Amino acid sequence: MKSKEQFRGTGKVFSFTLVQLLKSKANIIAMIIAFFFSILLIPVITFFSSGNEKGGEELKSFYFENQTDFVIPDIKEALAENENLKDLEIREGKLPEGEKDTAGAVLMMEEGVPALVFLSNPNLKGEDSLKQEELMSCIYDVIDSERLRMAGFDEDTLRFLAKGSSRQIRYYNELDSDDDTPDYSEEDQGGFDQTDYTSRMGYSIFLMTLCMYAVGYIVRSVIEEKASKLVDLLLVSVKPAALLLGKVLAVLIYVILYMSVMVAGVLISLKISSLLFNTSALSGISAVFTSLNLTGKNLLIVLVTSILGYVFFGLLAGLCGAGCSNMEESGGAMSTCTILIMAGYMVSIFTSLGSTGAAKTLSVFPVLSVFMAPVNYMKGQIGMGAVILSWGLQLAAILLLIFLSARVYRQLIVYNGKRLNFLEIVKMAGRKEAEDEKAA
Amino acid sequence: MSLQVSHLHKKYGTKVVVDDLSFSMSGPGVYALLGTNGAGKTTSIRMMLDMLARDGGEALWNGKPLSTESCNVGYLAEERGLYPKYALMDQLVYFATLRGVAKDEAKKRIRSLAERLEVEEYLYPNQPVIQADTGRRRPAFGVKKEKPRLADQLSKGNQQKIQFMAAMLSDPELIVLDEPLSGLDPVNTDLIRDVIREEIARGKYLIMSSHQMATVEEFCTDITILDRSKTVLQGNLNDIKKSYGRVNLHLKCERDISGYIKASGAQILSEKEYEYQLKVTGEIQANQLLSQLISAGIPVITFDLREPSLHEIFVEKVGEVHEE
């Protein structure tokens with residue numbers, strides 16, 4: 001049969017399914033709840049991350065007490081160069097007791113050397129707490145520079161010293177020995193990286209949610225059509241492949257819409273929260289997005305990979321659902337897909353804790369690749385070639401499922417009886433092949 | 001137009017469920033596929049319509065393989081269903097558009113069929129009120145707007161009428177009705193009968209499968225009786241009946257005539273207050289019995305000599321196979 005005929009009517013199944021998904025009261029309520037949940041997300045994170053910061057004090061003044069014979073230059077002048085500290089009121093003398101919106105520092109002698117003791121204010125709100133840390137660093141620089149100047153260092157030497165030096169740890173077995181000029185600039189320390197872990201987990205959870213929702217909906221929908229005895233009525237108009245593909249695509253659009261609503265909620269929440277609360281506690285999340293380098297190209301890679309993964313699990317769910325005869329069997333049908341999705345998620349998370357070699361290799365494996373390849377690419381652990389290879393292999397897996405569906409879906413969709421698991425469905429396809437060969 | 005079904009064959013594992021089924025329709029009319037439960041009727045229909053893979057045989061429509069692409073088919077399946085939680089109108093429009101009917105045209109056809117099958121109140125819950133005096137329609141002011149009806153809010157009979165509508169929406173040239181009247185009350189049965197009669201009059205090709213022999217007898221010209229996957233009787237219904245001869249005698253008198261009946265050699269099938277259902281060997285035996293009664297001065301109220309009914313033929317044929 002011509003392949004084009006197999007998919008005739010897909011568009012109509014797609015639009016009907018999508019419209020019904022959007023009309024469903026349960027789905028509308030779920031979307032509204034998701035939107036409000038997203039709106040609340042940022043304030044909740046901010047509240048739990050920064051505790052009492054919202055009610056904290058502002059840092060308005062700074063007391064500096066010099067108990068040594070050193071002549072300290074004008075601190076006010078030094079701080080004026082810093083955008084965040086230029087408005088701070090600098091006072092000489094001892095930090096008075098009971099003042100809430102201030103901090104202080106004492107320069108004293110300890111065992112013959114000058115020591116700077118910073119009198120930190122623990123009640124400052126988050127933003128001002130950061131300001132206090134910056135102030136501490138600035139004061140230290142001023143005093144240290146003065147100490148070196150007194151020791152005879154000229155201005156050029158002081159500027160050179162101010163640049164400091166950095167330290168990196170690289171594992172020698174990760175360096176390319178054949179390369180005459182190895183590039184050491186990549187920051188790959190091999191150890192636990194919180195940002196890396198968070199980004200992997202975030203992407204995996206996104207994909208897992210997408211696939212889990214699709215699997216649940218498609219399995220239930222296929223069984224509902226079978227159990228409602230609608231299949232005969234539908235099959236007289238559309239081929240089983242079109243019936244399945246239309247559903248898979250409609251759910252994809254619905255889930256994308258659902259997630260867009262959530263993202264819109266988060267963005268609105270972020271905008272409003274930044275006006276009302278101190279959102280410095282979200283700097284970690286910001287760091288994750290920065291580390292992922294979300295350019296148009298990278299987003300496209302995420303999109304293509306996610307869609308490939310989604311289509312794979314959607315088709316698998318359709319096949320497993322068609323092996324059931326009633327809704328009570330849906331749990332069993334979903335378990336095959338759930339196990340694979342969980343496997344992809346777990347492998348993605350665990351490889352972020354282990355060696356990068358394993359992550360690189362597993363990034364091209366079908367099923368695992370959809371959870372791993374995009375983040376590994378964005379982190380620079382695999383190249384574009386590996387991403388394309390992973391797409392190719394995942395596409396091959398999808399084609400294999402389509403081939404399997406074409407063999408057995410027509411039988412499965414009208415099948416009534418004990419639930420057929422995925423292996424039995426594969427065996428059924430094998431038997432049919434043998435019968436076809438015999439008939440030929 | 002013609003329909004040619006040849007040597008359809010299907011087996012599941014080692015069990016043969018349809019064994020070499022062949023029949024044809026060279027002109028418009030109604031063909032009946034009859035059989036006991038599990039005889040293979042529904043499987044045959046599914047194979048004919050290319051919904052189920054065949055192990056052998058073919059079905060041709062105008063010389064080309066029959067499929068929903070080559071022929072506009074309306075199919076009312078034995079296992080009927082609707083989406084329980086979707087609005088009825090949405091479903092009907094969906095089923096029509098799947099068959100290639102434009103949305104606007106589908107809505108017109110839905111309105112027309114809804115009126116004929118008396119299901120407007122479920123499909124148009126907020127339709128304008130018809131004024132009794134003028135017959136004009138006016139908006140239902142002050143009436144709370146009702147939500148579109150869902151399939152699971154309808155009785156089984158009304159659901160069946162909606163499903164029948166779904167089969168007829170594409171104005172099909174070949175209509176396949178699997179047990180179209182089962183479970184319907186007499187009023188609704190008549191509504192669907194009327195639509196079927198109209199379709200026959202419009203020159204449509206119908207294939208009907210039913211256990212209600214009176215319905216089949218009313219509409220069908222040709223039949224195939226299946227039993228346990230095999231064809232046990234096939235042909236034109238009138239010819240089949242003629243081949244059996246007129247052997248059913250309905251006789252009613254004013255007093256007991258059982259002695260005369262026994263003497264004539266006729267077999268009494270049932271008896272109630274001097275009203276007898278008899279099985280005779282033919283017209284000669286029946287006429288002899290009538291002559292004897294007249295000669296004896298017994299008033300005869302009813303003398304009706306008929307061919308066997310389809311029900312009797314069916315039971316006889318299927319019974320023969322089971323006895324073998």
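The values are calculated or read from the model by the stated rules, or taken from the named source; none is laboratory data. Note that this is a predicted model, so its numbers are computed, not measured. FYI the Cβ positions are ideal-geometry reconstructions off the backbone, even for glycines, and counts take in every protein chain you see. When the accessible area is computed, the model is the full protein with side chains, heavy atoms only, and any ligands, DNA or RNA have been set aside. Shrake-Rupley method; radii C 1.70, N 1.55, O 1.52, S 1.80 Å.
Hey, can you tell me all the residues within segment B:184-200 that are open to solvent by 30 Å² or more (accessible area, probe 1.4 Å) and assigned to a loop (DSSP other than H, G, I, E, B)? Across segment B:184-200, the qualifying residue is only B:Asp185.
Among residues of segment A:112-126 that are farther than 15 Å from A:Arg147 by Cβ, those with a beta-carbon under 6 Å from a residue that is surrounded by 13 or more Cβ atoms within 10 Å (Cβ to Cβ) and modelled with pLDDT of 80 or more at least six positions away or on a different chain give the pairs A:Val117/A:Val106; A:Phe118/A:Ala105; A:Phe118/A:Met136; A:Leu119/A:Leu95; A:Leu119/A:Gly104; A:Asn121/A:Ala103; A:Leu124/A:Leu59; A:Leu124/A:Gln132. Scanning segment A:90-107 for residues that are farther than 10 Å from A:Phe62 by Cβ and open to solvent by less than 50 Å² (accessible area, probe 1.4 Å) gives A:Gly93, A:Pro96, A:Asp101, A:Val106, A:Leu107.
Restricting attention to segment A:76-89, does a residue exist that is under 21 Å from A:Leu148 (Cα atoms) and exposed (fewer than 11 other Cβ atoms within 10 Å of the Cβ)? Checked segment A:76-89: at least one residue is under 21 Å from A:Leu148 (Cα atoms) and exposed (fewer than 11 other Cβ atoms within 10 Å of the Cβ). For segment A:201-244, the tally of residues that are more than 23 Å from B:Arg80 (Cα to Cα) and either of a type in the set (Phe, Trp, Tyr) or within 14 Å of chain B (Cβ to nearest Cβ) (or both) stands at 3.
Which members of segment A:263-280 meet the condition of being within 25 Å of A:Ile28 (Cβ to Cβ), out of contact with any Leu (no Cβ under 8 Å at 6 or more places or on another chain) and open to solvent by less than 60 Å² (accessible area, probe 1.4 Å)? Of everything in segment A:263-280, just one residue is within 25 Å of A:Ile28 (Cβ to Cβ), out of contact with any Leu (no Cβ under 8 Å at 6 or more places or on another chain) and open to solvent by less than 60 Å² (accessible area, probe 1.4 Å), namely A:Ala264.
Among the conditions (1) out of contact with any Phe, Trp or Tyr (no Cβ under 8 Å at 6 or more places or on another chain); (2) assigned to a strand (DSSP E or B), the only one that B:Leu251 does not satisfy is (1). Exactly one residue out of B:Gly74, B:Gly35 is among the small types (Gly, Ala, Ser), crowded, with 22+ Cβ neighbours inside 10 Å and closer than 20 Å to B:Ser170 by Cα, and it is B:Gly74.
Looking only at segment B:257-305, residues that are acidic (Asp, Glu) and open to solvent by 80 Å² or more (accessible area, probe 1.4 Å) come to 3 in all. So which helices (runs of 4 or more DSSP H) are wholly in segment B:37-135 and hold at least 3 residues that are more than 14 Å from chain A (Cβ to nearest Cβ) and modelled with pLDDT under 90? By residue number, B:120-123. Of all residues in segment B:217-236, those satisfying the criterion of being outside any strand (DSSP E or B) and surrounded by fewer than 18 Cβ atoms within 10 Å (Cβ to Cβ) are B:Glu217, B:Glu218, B:Thr221, B:Arg228. When segment B:201-216 is filtered for residues that are surrounded by 17 or more Cβ atoms within 10 Å (Cβ to Cβ) and assigned to a helix (DSSP H, G or I), the ones remaining, listed by number, are B:Met213, B:Thr215, B:Val216.
Filtering segment A:3-22 to residues that are open to solvent by 70 Å² or more (accessible area, probe 1.4 Å) and at pLDDT below 90 leaves A:Ser3, A:Lys4, A:Phe7, A:Arg8. Among residues that are in a strand (DSSP E or B), over 23 Å from the mean Cα position of the chain (by Cα) and aliphatic (A, V, I, L, M), B:Val30 is not included. Summed over segment B:151-161, the residues that are open to solvent by less than 50 Å² (accessible area, probe 1.4 Å) and away from every other protein chain (no Cβ under 11 Å) give a count of 5.
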